[in-house]
């Protein structure tokens, strides 16, 4: 057991002159906590972004389907949130088409927030294979719980991948050893 004099903490280390110690908020790789948000409303997008940032997600907000798809193709983003307007809005079909495209080209967890009046929308969303469909989000600022649950789901996925890779490496090691003998 170490004596009290041999223990060091972060506060015991001296940083170079002019360098402030940065507080650690979340112990996770930066890319793991990145999300992409598409919303039909700038105000709603800002509220979704605030909710995401409260839960330590780096939010990339898009106000157009074109910008949204560009981000999907340029970056690997583990969480995507699409906030759909009511079906009567002009952009509705364009946003739905962009959402369907995401499902074709990305393995991101996808959350679709509907306007609540379209009964067929949830069926469409489920057929796409979305991670979550939320039929009516009146207050995007109260959406924190979704970002919390998404982080848990991504952590479980990462853990399952790590376990699978470890098992594969162990199996390959045994097979190589068996071939040598």
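Which residues, taken from region 46-84, are assigned to a helix (DSSP H, G or I) and touching a residue at least 60 places away in the same chain (Cβ under 8 Å)?
47, 48, 50, 51, 52, 54
Considering only residues that are within 15 Å of residue 45 (Cβ to Cβ) and touching a helix residue (DSSP H, G or I) at 6+ places or on another chain (Cβ under 7 Å), look in region 80-98 and name the one that is surrounded by the most Cβ atoms within 10 Å (Cβ to Cβ).
Applying the filter and picking the extreme gives 81.
Yes or no: region 160-173 includes at least one residue that is within 18 Å of the chain's Cα centre (by Cα) and modelled with pLDDT under 90.
Looking for residues that are within 18 Å of the chain's Cα centre (by Cα) and modelled with pLDDT under 90, one finds at least one in region 160-173, hence yes.
For region 123-151, which positions are assigned to a loop (DSSP other than H, G, I, E, B) and at pLDDT 90 or above?
129, 130, 131
With respect to residue 66, is the statement that it is surrounded by fewer than 20 Cβ atoms within 10 Å (Cβ to Cβ), modelled with pLDDT of 90 or more, within 17 Å of the chain's Cα centre (by Cα) and more than 17 Å from residue 137 (Cβ to Cβ) true?
No; evaluated as a whole, the condition is false for this residue.
The values are calculated or read from the model by the stated rules, or taken from the named source; none is laboratory data. Treat the numbers as computed from the prediction; the structure is a model and nothing was measured. Cβ coordinates were reconstructed from backbone atoms using ideal geometry, including for glycine residues, and neighbour counts include every protein chain displayed.
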